[in-house]
Amino acid sequence: MELIGWAAAVMTFIAYSMKTMLPLRMAAIASNVLFIVYGMMADATPILALHTALLPFNLFRLVQILLLLRKVKRATSDDRLPEGIAGFLTRMEVEPNKVLFRRGDAADRIYYLKSGRVLLEEIGKYLEPGEIFGEIAFFSKERSRTLTARCVGECEVAVMREEDFTRLHYQNPAFAFYMLRLLARRLEENAKPHVQ
């Protein structure tokens with residue numbers, strides 16, 4: 001019985017020494033189970049009550065962590081626009097050949113091209129439907145547009161406000177990883193013309 005009590009204490013110490021949440025929760029669960037056994041054997045009601053209450057809490061947190069890890073894993077392997085983003089996009093009325101923003105303009109939104117084509121004038125690149133653009137300005141120090149974006153003929157465009165973009169970036173791992181991959185791809189594409 002005393003050995004179980006010491007094992008529970010050691011597991012508690014190990015849980016407190018963990019740097020990351022997954023092993024911490026697993027050690028805490030092991031500690032809870034050992035303390036429950038110890039509390040029943042030693043007839044220690046306060047210990048038994050405390051760890052019986054903590055066990056479901058730690059199990060719940062462990063499940064949350066595992067679900068989050070699954071979302072992150074899925075997000076890192078998927079290049080499509082994450083689900084649920086459409087609710088943050090608002091349709092924007094766009095005239096044919098309209099300039100959406102010019103280089104140097106202040107950035108307050110990002111754009112999603114639903115149909116048509118958009119030309120990034122300074123680099124001569126055409127964006128196709130399904131692409132997000134205008135995001136680089138949110139990460140730049142000056143927070144201004146680095147290129148000019150102009151619709152080529154008729155376009156259907158949706159926009160996302162900066163506040164929604166920031167909230168999604170911090171709260172939705174799939175969106176955050178999508179944006180990181182998009183930024184990395186844009187940096188690679190912008191570097192290509194300079195490679196001889």
Output for the range 22-54, where each listed residue is surrounded by 15 or more Cβ atoms within 10 Å (Cβ to Cβ) and on the phi > 0 side of the Ramachandran plot:
none
Tally the residues that are under 17 Å from R186 (Cβ atoms) and of a type outside the set (V, I, T), restricting the search to the range 144-154.
4
What single numbered condition from (1) touching a residue at least 40 places away in the same chain (Cβ under 8 Å); (2) farther than 21 Å from V152 by Cβ; (3) among the aliphatic types (A, V, I, L, M) fails to hold for I110?
(2)
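Residues checked against (1) among the small types (G, A, S); (2) under 30 Å from Y178 (Cα atoms):
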site: M11; (1), (2): no, no
site: L22; (1), (2): no, yes
site: A27; (1), (2): yes, no
site: N32; (1), (2): no, no
site: A42; (1), (2): yes, no
site: F57; (1), (2): no, no
site: R61; (1), (2): no, yes
site: Q64; (1), (2): no, yes
site: K73; (1), (2): no, yes
Taking the range 23-44 and keeping residues without any contact (Cβ under 8 Å) to a residue 12 or more places away in the chain and either within 15 Å of M1 (Cα to Cα) or of a type in the set (D, E) (or both) leaves M40, D43, A44
Going through the range 119-139 in order, the residues found to be free of Cβ contacts under 8 Å to residues at least 40 places away in the same chain, under 19 Å from Y178 (Cβ atoms) and open to solvent by less than 30 Å² (accessible area, probe 1.4 Å) are L127, F133, G134, A137, F138
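Filter the range 170-185 for residues that are in a helix (DSSP H, G or I) and crowded, with 17+ Cβ neighbours inside 10 Å; which is nearest to the chain's Cα centre (by Cα)?
That would be P173.
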Are any of the residues in the range 143-151 charged (D, E, K, R), crowded, with 17+ Cβ neighbours inside 10 Å, modelled with pLDDT under 95 and closer than 15 Å to I85 by Cβ?
no
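The values are calculated or read from the model by the stated rules, or taken from the named source; none is laboratory data. A quick note: this is a predicted structure, and the numbers were derived from the prediction, not measured. Here Cβ is always computed from backbone atoms with ideal geometry, including for glycine, and neighbour counts include all displayed protein chains. Protein only, heavy atoms only, side chains kept; ligands, DNA and RNA dropped before computing areas. Shrake-Rupley method; radii C 1.70, N 1.55, O 1.52, S 1.80 Å.
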